[in-house]
Amino acid sequence: MDYSDVQSVLDMCFEEISQAHRDKYDCDKADRTAALFLLAQMKLSSLIEEVDIKSKFYKNEITRLEGEKYFEYKMSNSGQKITEAMLSNYVAKDSDIVTTKTLCAEQEAAIKKWNFILGTLKDGHIFFRNLSKNKTWSE
């Protein structure tokens, strides 16, 4: 999915809610605006799905890398006595694992942000749908 497409729809929603905040809003236009908010929810749901898949991929990759690095460190230090705690620390500070954990954390943060925006879009849809039912809108 093209992120710019999602962002452009979100920008249109933001503009409409800003306009409703600043001035009297056209009740006849509110139906179309409510539909715009639904469109944004659908597009954003697809984006959330993609980000969630990436997050799960990184979680699996972390587990795979940890196992690989564990045996790599264990075999390379076979002549020395290394405790399990030391091995765990070697694995935890490995640059590949740190990088992958950072990428996973970024995806999880993005999911939280997009889910918050999705909830806001839902509220905006309800606002404009209710506004369209009112033929008189007073400031």
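The values are calculated or read from the model by the stated rules, or taken from the named source; none is laboratory data. Quick caveat, the model's predicted, so the values are computed rather than measured. Every residue, glycine as well, gets a Cβ built from its backbone with ideal geometry; the counts of neighbours run over all protein chains shown.
Matching residues to (1) over 17 Å from the mean Cα position of the chain (by Cα); (2) outside any helix (DSSP H, G or I); (3) among the polar types (S, T, N, Q):
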residue: 57; (1), (2), (3): no, no, no
residue: 63; (1), (2), (3): yes, no, yes
residue: 75; (1), (2), (3): yes, no, no
residue: 79; (1), (2), (3): yes, yes, no
residue: 82; (1), (2), (3): yes, yes, no
residue: 96; (1), (2), (3): yes, no, no
residue: 99; (1), (2), (3): yes, no, yes
residue: 103; (1), (2), (3): no, no, no
residue: 109; (1), (2), (3): no, no, no
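Looking at (1) β-branched (Val, Ile, Thr); (2) within 19 Å of residue 8 (Cα to Cα); (3) touching a Cys at 6+ places or on another chain (Cβ under 7 Å), which is the one condition that is false for residue 62?
Residue 62 satisfies every listed condition except (2).
Being without any contact (Cβ under 8 Å) to a residue 12 or more places away in the chain and touching a Lys or Arg at 6+ places or on another chain (Cβ under 9 Å), is that true of even one residue in region 78-88?
Yes, region 78-88 contains a residue that is without any contact (Cβ under 8 Å) to a residue 12 or more places away in the chain and touching a Lys or Arg at 6+ places or on another chain (Cβ under 9 Å).
Is region 14-36 home to any residue that is surrounded by 12 or more Cβ atoms within 10 Å (Cβ to Cβ), closer than 30 Å to residue 131 by Cα and touching a Cys at 6+ places or on another chain (Cβ under 9 Å)?
Yes, region 14-36 has at least one match.
Can you tell me which condition residue 112 does not meet? The list is (1) exposed (fewer than 14 other Cβ atoms within 10 Å of the Cβ); (2) more than 18 Å from residue 55 (Cα to Cα), and all the others hold.
Just one mismatch for residue 112, condition (2).
Of all residues in region 43-75, how many are farther than 15 Å from residue 107 by Cβ, of a type in the set (A, V, I, L, M) and loosely packed, with under 12 Cβ neighbours inside 10 Å? I'd like the intermediate steps shown before the answer.
The first filter runs over region 43-75 and keeps only residues farther than 15 Å from residue 107 by Cβ, leaving 43-46, 63-75.
Now drop any that are not of a type in the set (A, V, I, L, M), which leaves 44, 65, 75.
Of the ones still in play, those that are also loosely packed, with under 12 Cβ neighbours inside 10 Å are 75.
The total comes to 1.
All but one of (1) in contact with an Asp or Glu (Cβ under 7 Å, 6 or more places away or on another chain); (2) loosely packed, with under 11 Cβ neighbours inside 10 Å hold for residue 85; which doesn't?
All conditions are met except number (1).
Let me spell it out: the conditions are (1) at pLDDT 95 or above; (2) exposed (fewer than 15 other Cβ atoms within 10 Å of the Cβ); (3) of a type in the set (D, E, K, R), and residue 101 meets all of them except one. Which number is the exception?
For residue 101, the failing item is (2).
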